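The values are calculated or read from the model by the stated rules, or taken from the named source; none is laboratory data. Everything numeric here is computed off the predicted structure, so don't read it as measured data. Virtual Cβ from ideal backbone geometry, glycine too; neighbours counted across all protein chains shown. Surface accessibility is based on the protein's heavy atoms, side chains included, excluding ligands, DNA and RNA. Shrake-Rupley method; radii C 1.70, N 1.55, O 1.52, S 1.80 Å.
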Amino acid sequence: MDHIQIYTIKSNVKIAEDTFKMVLSGDTSLITAPGQFVNIQLDGLYLRRPISIHDWDEQSFTIIYKVVGKGTEQMSKMAEGEKLDILMGLGNGYTVMDKQNVAVVGGGVGVPPLYAMAKKLKAEGKHVIAVLGFGYKDQVFCEEEFKAVCDEVYVTTNDGSYGIKGFVTTAMEGKNIEYFYACGPEPMLKALHKTGIPGQLSFEARMGCGFGGCMGCSCKTLTGYKRICVEGPVMLTEEVTFDE
Amino acid sequence: MNKLEVKLGDLTLKNPVIPASGTFGFGYEFARFYDLNILGSMSLKGTTKDPRYGNPLPRIAETERGIINAIGLQNPGIDAVIANELPKLKPLYNDKVIANISGFSVDEYVHTASMFDKEDQVGILEINISCPNVKAGGMAFGTSAENAAMVCREVKKAVKKPVFMKLSPNVTDIVAIAKACEEAGADGISLINTMLGMRIDLKTGKPIVSTKMAGFSGPAIKPVAVRMVYQVYEAVKIPIIGIGGIATAEDVIEFMMAGASAVQVGAQNLVNPYACRDIINDLPKVMEKYRIEKLSDIIGKAH
Ligand SMILES: Cc1cc2nc3c(=O)[nH]c(=O)nc-3n(C[C@H](O)[C@H](O)[C@H](O)COP(=O)(O)OP(=O)(O)OC[C@H]3O[C@@H](n4cnc5c(N)ncnc54)[C@H](O)[C@@H]3O)c2cc1C
Ligand SMILES: Cc1cc2nc3c(=O)[nH]c(=O)nc-3n(C[C@H](O)[C@H](O)[C@H](O)COP(=O)(O)O)c2cc1C
Ligand code: FES
């Protein structure tokens, strides 16, 4: 079976400011772990757009995306029944570690991939705290979804217009967190890295291919050069360096 | 005879479709998508004497029907390529591959080419002269006929395998450079490499990729590449591999009519990892449409 398949949009709805949730039906057998991403071809745009998998089952998968440019704008205007050409099952995804008290930490459109991870962690009997960080109230999404699958859920906003005022690290202070799984903007990942708690961080890069063909996304780590699209996007705190 | 078969000097390819250097890794990355043995050949990632990380991120920008890349020749260096990469590809691909070679001095080109020359898997040495000549102020070897010829001559002296010179399009007279390479003993010409381009992010007001200027390729550059293949075909007798914006079987035929004996597909592999497979599958249909019996019949037909 080709790794590129045509998917049918089952729904595409706005869930927060500039943020949309799209459900696509089609083959999902190439998805192996939460934290993986897909690469979406759009009309008139040369490169595919990488977007994380939010959740999946046998017949469909869900993505959550924010409109930031031409590609995501085009996606936001698509309706039920329309089709998308998608390269499936990319990247390594998160690995469940043998740690009982864990947090899933998401910032902005970094929140989506942690939902499937939270479900997986819960299924393996872990105590799961979700910390979801946003800029302000209108950007908040997925709180109820996380509440349904996590033991504790904390939402932070930078300006305090909703939930706890501050950053994700503010909400983590004083909690029993042995290990974390995170995705979000680089300043957030850097702040998490500085806490010294071990965990897994999911990175972004401008990608040429998304599957290891171009070296467009290669970054330096303490364990050598890694392609964010193949050896990542998820990396371990102990191999990551934010120097340079 | 297989109607897709073409010749590059003494080497016979079962079809003219070759993934271009830098867009196909060391081949094995694509084995999960399809059986690599359908390919005419493949040009491996540009290899240098020493390992290179390449340029800082971001290395990629999108443009209309194209891509701008500033990879900076990331590769593990010739020793590791021979020790690790070629053996990984060996069980996955039976035909000869094209080793793509870069260098920052003539000695580096000669060193890397001589190492690949001993490898059985390699059928052609493709010399990428778009790299800066560090000793001569950083101007690319490929921008002067003398420097291009010098690299070609020195490499030819050191190796037995056929040498194809891969030309940069960022020159005023591509024909002069192609002729200089032919006179210096080149067995063939590959063209074109990426054009120099730039994209600026309107939000930040700054160039998108870290090196500011970078290599522009993809369907947008195809007419420039077809024109250069056409011009070079008129001027040299050695075979030409046509490269630049190829995305369909029709594009392959266009390049061959301009004078290419074979073609390389670059950026299109990145947006569609099945691009080469699909092009090979489509070729017979498209040949029928244009009443082409054998692909080798149409080489240079436009002249
Ligand atoms: C592994 C991975 C997972 C991602 N998951 C999500 C997600 O779940 N939800 C979501 O909203 N966004 C996600 N992103 C970011 C998303 O890829 C970009 O927002 C999107 O590509 C922007 O496309 P555009 O055409 O709207 O923007 P434009 O700015 O018009 O895009 C121009 C070019 O830049 C690239 N680009 C722009 N911003 C980014 C970025 N932040 N990261 C990588 N490439 C970028 C585009 O892919 C395109 O090639 C993810 C990125 C990566 C690398
Ligand atoms: C990401 C990327 C990396 C490349 N790396 C190399 C390289 O290492 N050596 C080389 O000779 N050409 C390299 N090229 C140039 C291509 O081989 C090809 O000549 C050029 O991209 C034009 O073809 P296209 O329009 O089909 O992409 C690279 C191109 C791209 C897009
Ligand atoms: S985006 Fe091409 S190697 Fe990662």
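Note on A:212-225: average number of Cβ atoms from other chains within 10 Å of each residue's Cβ is 6. Solvent exposure of chain B amounts to 39 Å² per residue of accessible area, where only protein heavy atoms count and the probe is 1.4 Å.
Over segment A:135-179, the reciprocal of the mean inverse Cα-Cα separation, the Kirkwood hydrodynamic radius, stands at 11.3 Å.
Based on alpha carbons, the Rg and Dmax found for segment B:251-299 are 11.2, 31 Å. Taking N as the residue count of chain B, its C-alpha radius of gyration divided by 2.2 N^0.38 Å amounts to 0.93. A helix-only calculation puts chain B at -8000 deg cm²/dmol for mean residue ellipticity at 222 nm, using -39500 (n - 2.57) for each DSSP H run of at least four residues, averaged over all residues. When Rg and the Kirkwood Rh are both derived from Cα coordinates, the Rg/Rh ratio for chain A amounts to 0.94. Within chain B, the longest run free of exposed loop sites, counting GluC sites (Glu not before Pro) that sit outside DSSP helix and strand states (H, G, I, E, B) and have at most 12 other Cβ atoms within 10 Å, spans B:65-292. Shielding value for A:43-49 is 5, the average number of Cβ atoms from other chains within 10 Å of each residue's Cβ.
To the nearest ten degrees, helix A:112-123 and the longest principal axis of the Cα atoms of chain A are 60 degrees apart. Eigen-decomposition of the gyration tensor built on the alpha-carbon atoms of segment B:110-243 gives equivalent ellipsoid semi-axes of 28, 18, 14 angstrom, largest listed first.
Here the Debye sum runs over all C-alpha atoms of the protein assembly as shown as equal scatterers in vacuum, and log10 of I(q)/I(0) at q = 0.10 Å⁻¹ comes out as -0.83. Helical content alone sets the calculated 222 nm signal of chain A at -4500 deg cm²/dmol, taking -39,500 (n - 2.57) per DSSP H segment of four or more residues and averaging over every residue.
Solvent-accessible area per residue in segment A:4-90 equals 41 Å², computed with a 1.4 angstrom probe and all protein chains kept.
Near A:C150: Cβ cut-off under 13 Å, other residues only, Lys/Arg at +1 and Asp/Glu at -1. The net charge is +1.
Step by step: find N for segment B:1-102, compute 2.2 N^0.38 Å, then divide the Cα radius of gyration by it. What's the final number? Ratio of Rg to 2.2 N^0.38 Å for segment B:1-102: 1.19. Burial annotation for segment A:1-17: residues with an accessible-area loss of at least 30 Å² between the isolated chain and the complete set of protein chains, computed on heavy atoms with a 1.4 Å probe, are A:D2, A:H3, A:I4.
Each part gets one Cα centre, and for segment B:1-66 versus segment B:72-95 those centres are 12 Å apart. Measuring nothing but how far apart in sequence close Cα pairs (under 8 Å, 6+ apart) lie, relative to its length, chain A scores a relative contact order of 17 percent. Cα centroids of segment A:167-193 and segment A:72-131: how far apart, whole angstrom? Measuring centre to centre over Cα atoms gives 16 Å.
Dimensions of segment B:64-153 from C-alpha coordinates, computed as largest minus smallest value along each principal axis and given longest first, are 42, 39, 20 Å. Computed from the alpha carbon atoms alone, the convex hull of segment A:89-180 holds 94 Å³ per residue. Under the simplified labelling scheme, the A:M97-A:E186 pair shows an inter-label distance of 2.3 nm, with each label point 7 Å from Cα along Cα→Cβ. Carbon-plus-sulfur accessible fraction, the protein assembly as shown (probe radius 1.4 Å, protein heavy atoms only): 51%. Counting only residues at least eight positions apart within a chain, or on another chain, the lysines with an alpha carbon under 26 Å from that of A:K70 are A:K10, A:K14, A:K21, A:K83, A:K137, B:K203, B:K206, B:K212, B:K222. Subtracting the Cα-Cα distance of B:D201 and B:D10 from their residue separation scaled by 0.36 nm leaves 64.0 nm. The lysines within cross-link reach of B:K156, meaning a Cα-to-Cα straight distance under 24 Å and a gap of 8 or more places when in the same chain, are B:K7, B:K45, B:K49, B:K96, B:K118, B:K135, B:K166, B:K179, B:K237.
Label positions at B:N2 and A:E152, each projected 7 Å from the Cα along the C-beta direction, are separated by 6.5 nm.
Leaving ligands and nucleic acids aside, the A/B contact buries around 2600 square angstrom of accessible area in total at a 1.4 Å probe radius. Give me the net charge for the shell around A:V96: Cβ to Cβ below 15 angstrom, other residues only, Lys and Arg +1, Asp and Glu -1. Result for the local shell: +2. Taking the average, over residues, of other Cβ atoms within 10 Å as the packing measure, peptides B:203-209, A:40-46 rank A:40-46, B:203-209 from highest down.
Positive-end ranking of B:P223, B:L295, B:Y53 along the dipole of chain B, with charges on Cβ about the Cα centre, is headed by B:Y53. Please report the relative contact order for segment A:54-187, taking Cα pairs under 8 Å with a sequence separation of at least 6, and give it as a percent rounded to a whole number. Taking the mean separation of contacting Cα pairs over the length of segment A:54-187, I get 25 percent.
A crude spin-label estimate for the pair B:D297 and B:V224, with each label 7 Å from Cα along the Cβ direction, gives 3.5 nm. Among A:A182, A:A116, A:A130, determine the one that fluctuates most according to a GNM of chain A built with springs between C-alpha atoms less than 10 Å apart. Looking only at A:A182, A:A116, A:A130, the largest GNM fluctuation is found for A:A116. Of the residues making up segment B:238-281, those losing 20 Å² or more of accessible area when the isolated chain is joined by the remaining protein chains, with a 1.4 Å probe, are B:L270, B:V271, B:P273, B:Y274, B:R277.
Assuming charge only on the beta carbon of Lys and Arg (+1) and of Asp and Glu (-1), the dipole of chain B about its Cα centre is about 300 debye to the nearest 20. For chain B, a Gaussian network of Cα nodes joined below 10 Å ranks B:A247, B:A31, B:A178 by mean-square fluctuation, and the top entry is B:A31. Among the residues of B:58-66, the average count of other protein chain beta-carbon atoms within 10 Å of the residue beta-carbon is 5. For segment A:4-90, a Kirkwood radius taken over Cα pairs fed into Stokes-Einstein (4 °C, viscosity 1.567 mPa s) yields D = 101 µm²/s. Protein heavy-atom accessible surface, 1.4 Å probe, per residue over segment A:101-202: 40 Å².
The packing ranking of peptides B:39-50, B:213-224, highest mean first, is B:39-50, B:213-224, where packing means the average number of other beta carbon atoms within 10 angstrom of each residue.
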